[in-house]
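Below is one structure, written out as structure tokens, with a few remarks after it.
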Amino acid sequence: MISRRGFVVGSGALAVALPWRRSFANSPPRVVVVGGGFGGATAARFVKRFAPNASVTLIERSPAFTACPFSNLVVASLRDMAQQRFGYDGVARDGVDVVIDEVVEVDAEKNRVRTAGGSSFEYDRLILSPGIDPIWDGIDGYDESAAGSMPHAWGAGEQTVNLRNRLRAMPDGGLVVIAAPANPFRCPPGPYERASLIAHYLKTNKPRSKLVILDSKDAFSKKPLFTAAWQRFYGDMISWQGAGDGGSVVAVDAGRGLVLTDFDEYAPAVANIIPPQCAAAIARSAGATDRSGWCPIDPVTFESTLLRGVHVIGDAAMANAMPKSAFAANAQGKVCAAQVVRALAGEPPVTPVLANTCYSLVTPEYGISVVGVYRPGRRFDPVEGAGGTSPIDASDDYRSTEARYASSWFSTITGEVFG
């Protein structure tokens with residue numbers, strides 16, 4: 001039997017166990033990676049490690065990456081935003097050519113990408129890890145302008161700070177509304193961790209306030225663990241309303257500060273509207289998405305089923321049961337890097353097994369988690385009998401240990417990807 005701690009620590013080896021380096025004597029291959037998050041930066045570094053003489057270029061529009069994991073602590077005034085930012089010096093030290101620019105065109109016929117700065121990069125294999133975009137017409141009245149007064153904060157940065165500042169400014173006794181989208185979306189447990197940590201902030205600073213979660217689903221990740229903890233720590237401060245009870249937000253009126261469902265109208269002091277999502281614009285313009293708005297892939301190689309020689313990883317990829325998370329993107333980046341190098345060497349792909357672990361904080365010292373193991377099927381299928389959630393009846397010491405594991409995981413993964 002492997003311990004839960006041992007499983008989490010060893011899951012990187014489970015995700016990719018390919019300790020070989022491939023040399024290309026003639027005409028070293030060119031690999032371009034678009035997007036420098038947990039998936040893209042990982043893929044770029046591991047391609048270079050697996051094939052040291054390959055030319056690897058990472059193109060990212062921002063000079064620093066701002067991490068979404070742990071950003072809910074920023075929202076709750078428990079963490080500084082600067083602790084979420086990571087540069088690319090470590091990636092460059094591995095021999096990756098880091099280009100700060102925005103890719104505006106992918107020409108899969110000519111194996112070339114073009115940037116806003118006017119540069120052009122040819123490739124033998126392209127890895128797309130562009131993340132997500134909000135679907136601005138997914139909720140009536142919610143657009144980029146409305147996001148100024150009703151922030152989604154689903155891409156860490158200015159929106160995160162906006163939401164934090166609105167919580168700080170609201171009066172005691174105010175109402176906070178969180179609108180959670182239907183699946184699939186980035187970080188399935190994220191809205192509920194956010195609700196927990198906002199409630200912690202309110203309980204500490206504005207105890208007469210209330211928080212309502214309006215959900216477009218009737219179930220969510222780690223629901224029994226969250227709801228039990230909410231009852232214990234926050235009582236009736238938090239209420240959750242699922243789709244079956246009319247919880248789906250159908251419209252907002254940003255000018256009047258209203259949030260509307262089919263049956264109710266709310267006038268919150270703070271509205272956190274998390275809209276439905278899709279793959280980022282460059283994936284859509286490249287032709288890597290289907291009608292779902294996500295990128296269909298071969299689950300063994302991560303190669304797009306729509307574009308030859310283009311691989312898609314991370315949140316933009318259609319991975320079915322495997323959630324859209326930083327852990328998943330990191331694991332996919334390693335496997336994709338190995339498969340790309342094998343393809344360039346004319347070697348067959350190996351069949352991977354991938355893992356995902358997701359920690360959530362209900363209070364700063366009380367953590368819960370879920371683990372999943374996946375193998376290629378139609379896309380990715382859960383491995384029966386593997387993984388699971390924290391025990392529902394775990395002790396406070398166990399929950400405290402899970403919170404420490406969450407912090408250790410974040411330090412480890414950001415160190416591996418960006419350090």
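The values are calculated or read from the model by the stated rules, or taken from the named source; none is laboratory data. All values reported here derive from a predicted model rather than from experimental measurement. In this analysis, Cβ positions are derived from the backbone assuming ideal geometry, glycine residues included, and neighbour counts consider all displayed protein chains.
Restricted to the range 27-46, and to residues there that are modelled with pLDDT of 95 or more and either of a type in the set (F, W, Y) or more than 17 Å from G131 (Cβ to Cβ) (or both), the residue that is surrounded by the fewest Cβ atoms within 10 Å (Cβ to Cβ) is R30. With the condition kept exactly as written, say whether any residue in the range 113-129 is within 20 Å of A343 (Cβ to Cβ), touching a Leu at 6+ places or on another chain (Cβ under 9 Å) and among the polar types (S, T, N, Q). No, the range 113-129 has no match at all. Within the range 229-249, identify whether any single residue is part of a strand (DSSP E or B) and in contact with a helix residue (DSSP H, G or I) (Cβ under 6 Å, 6 or more places away or on another chain), and answer yes or no. Scanning the range 229-249 turns up at least one residue that is part of a strand (DSSP E or B) and in contact with a helix residue (DSSP H, G or I) (Cβ under 6 Å, 6 or more places away or on another chain).
Each residue in the range 305-318 was checked for being without any contact (Cβ under 8 Å) to a residue 40 or more places away in the chain and farther than 19 Å from W154 by Cα, and 2 of them qualify. Those strands (runs of 3 or more DSSP E) of the range 83-154 in which at least 3 residues are within 24 Å of H311 (Cα to Cα) and either among the aliphatic types (A, V, I, L, M) or without any contact (Cβ under 8 Å) to a residue 40 or more places away in the chain (or both), considering only elements entirely within it, cover 97-100, 103-107, 112-115, 125-128. Only one of the numbered conditions (1) in contact (Cβ under 8 Å) with a residue 40 or more places away in the chain; (2) of a type in the set (K, R); (3) outside any loop (DSSP other than H, G, I, E, B); (4) surrounded by fewer than 20 Cβ atoms within 10 Å (Cβ to Cβ) is violated by R378, and that is (3).
A Cβ distance below 6 Å, combined with a sequence gap of six or more or placement on separate chains, defines the contacts here; from the range 405-419, residues that are modelled with pLDDT of 95 or more reach residues that are of a type in the set (V, I, T) in the pairs V417/T42. When V300, V350 are checked against the criterion of being modelled with pLDDT under 95, among the aliphatic types (A, V, I, L, M), out of contact with any Phe, Trp or Tyr (no Cβ under 6 Å at 6 or more places or on another chain) and assigned to a loop (DSSP other than H, G, I, E, B), V350 stands alone in meeting it. Checking each residue in the range 164-195 for being closer than 18 Å to V371 by Cα and acidic (D, E) picks out only E193. Can you find a residue in the range 198-211 that is closer than 16 Å to I274 by Cα and modelled with pLDDT of 95 or more? Scanning the range 198-211 turns up at least one residue that is closer than 16 Å to I274 by Cα and modelled with pLDDT of 95 or more. Here D315 clears all of (1) crowded, with 17+ Cβ neighbours inside 10 Å; (2) assigned to a loop (DSSP other than H, G, I, E, B) except the condition numbered (2). Candidates are the residues of the range 160-189 that are surrounded by fewer than 24 Cβ atoms within 10 Å (Cβ to Cβ) and among the small types (G, A, S); the one that is farthest from A147 (Cα to Cα) is G173. Reported count of residues in the range 295-328, each being closer than 19 Å to V113 by Cβ and of a type in the set (V, I, T), is 4.
Flag not set for V176, criterion: within 19 Å of R79 (Cα to Cα) and either assigned by TED's automatic domain parsing to the domain that holds N72 or of a type in the set (V, I, T) (or both). What about V300, is it assigned by TED's automatic domain parsing to the domain that holds A108, surrounded by fewer than 23 Cβ atoms within 10 Å (Cβ to Cβ) and among the hydrophobic types (A, V, I, L, M, F, W, C)? Answer is yes for this residue.
Per the listing A394, A343, A386, the residue uniquely under 28 Å from Y88 (Cα atoms) and either assigned to a helix (DSSP H, G or I) or aliphatic (A, V, I, L, M) (or both) is A343.
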